[in-house]
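In what follows, a single structure is set out as structure tokens and then discussed.
The values are calculated or read from the model by the stated rules, or taken from the named source; none is laboratory data. Model, not experiment: these values are computed from the prediction. No Cβ is skipped: glycine too gets one built from the backbone with ideal geometry, and neighbour counts run over all protein chains shown. Calculation scope for accessible area: heavy atoms of the full protein, side chains included, ligands and nucleic acids excluded. Shrake-Rupley method; radii C 1.70, N 1.55, O 1.52, S 1.80 Å.
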Amino acid sequence: MQTIIFDMDGTLIDTERVSQSSWRRAASDLGITLSSEILHAFVGCSIPNAKEIINAEFGDPDLTERLFEHQAGIFMEAMERDLELKPGAAEAIAAAKERGLGVALATSSGREYSTNNMTRFGLMDSFDVTVFKEDIENHKPAPDVYLVAAERLGVDPAQCIAVEDSFNGVRAGAAAGMHVVMVPDYNEPTDEIRELCAEVLPSLTELPAALDRLM
């Protein structure tokens, strides 16, 4: 292996906890309820696809737009107050660099949002390459974000480890031809997802030992 590529939301930073609570509050404020199935489906889901899910559920595009706008405000306020690194995140990045691996960040989130978060936790300078939603055409589960990262690193995708928390992220890394390590956050892996993974770990704390097995 030559490179390790980290997803961000739900993998390096604990955004899903903040996101799920903000969705529940936003829905309650608008007098609706989001089912657990919808909340699970939102994990690793792009905003356009998430809007399609809400449109299909409630049949009211205006409600969908109001819900997403309201949730975004709640979410950003909560992020400033409550956001934390996932356990073992900084140590996992350090362990990869100690083993001589290239380290990349590949996220479907925007450049400004992602850069602010990584800078906030002192991690931005740890990445040799970064890929954001502005750099790709198709979102996960399409492999674009990982293929662009590998191209910028100048390595074969087969020599890369993708670290993910979501089903769509795992599918994207596998579709790119990478070795996928899943650290489940909100959704536990199904049999289908487990078959796409080289490793499934309880937390990033176990990643350094997994790297030794995969290298």
- Of all the residues that make up the stretch 157-193, how many are over 23 Å from residue 85 (Cα atoms), in contact with a helix residue (DSSP H, G or I) (Cβ under 7 Å, 6 or more places away or on another chain) and not hydrophobic (A, V, I, L, M, F, W, C)? 4
- Give 78, 26, 90, 95 a once-over and let me know the one that is without any contact (Cβ under 8 Å) to a residue 40 or more places away in the chain and either within 26 Å of residue 170 (Cα to Cα) or assigned to a helix (DSSP H, G or I) (or both). 90
- Within the stretch 139-151, track down each residue that is part of a helix (DSSP H, G or I), open to solvent by 10 Å² or more (accessible area, probe 1.4 Å) and either within 16 Å of residue 8 (Cβ to Cβ) or touching a Gly at 6+ places or on another chain (Cβ under 6 Å) (or both). 144, 148
- Among residues of the stretch 33-54 being open to solvent by 60 Å² or more (accessible area, probe 1.4 Å) and not aliphatic (A, V, I, L, M), the residue nearest to residue 19 (Cα to Cα) is 40
- Identify, from the list 101, 85, the residue that is in contact with a strand residue (DSSP E or B) (Cβ under 7 Å, 6 or more places away or on another chain), at pLDDT 95 or above and within 25 Å of residue 144 (Cα to Cα). 101
- Item | Among the residues listed as 85, 123, 30, the single one being open to solvent by less than 30 Å² (accessible area, probe 1.4 Å) and of a type outside the set (Gly, Ala, Ser) | 123
- Query: What single numbered condition from (1) modelled with pLDDT of 95 or more; (2) in contact with a Lys or Arg (Cβ under 7 Å, 6 or more places away or on another chain); (3) in a loop (DSSP other than H, G, I, E, B); (4) not charged (D, E, K, R) fails to hold for residue 44?
  - Reply: (1)
- Message: Looking only at the stretch 1-23, how many residues end up being at pLDDT 95 or above and assigned to a loop (DSSP other than H, G, I, E, B)?
- Response: 4
- Query: Hey, residue 110 hits all of (1) in contact with a Lys or Arg (Cβ under 7 Å, 6 or more places away or on another chain); (2) open to solvent by 50 Å² or more (accessible area, probe 1.4 Å) but one; which does it fall short on?
  - Reply: (2)
- Query: In the stretch 68-88, is there at least one residue being over 14 Å from the mean Cα position of the chain (by Cα) and either closer than 28 Å to residue 1 by Cα or of a type in the set (Ser, Thr, Tyr) (or both)?
  - Reply: yes
- Hey, could you check the stretch 126-138 for residues that are under 24 Å from residue 43 (Cβ atoms) and either β-branched (Val, Ile, Thr) or out of contact with any helix residue (DSSP H, G or I) (no Cβ under 7 Å at 6 or more places or on another chain) (or both) and say which is least open to solvent (accessible area, probe 1.4 Å)? 131
- Task: Please work out which residue is least open to solvent (accessible area, probe 1.4 Å), limiting yourself to the stretch 156-204 and to residues that are of a type in the set (Asp, Glu) and out of contact with any strand residue (DSSP E or B) (no Cβ under 8 Å at 6 or more places or on another chain).
- Result: 185
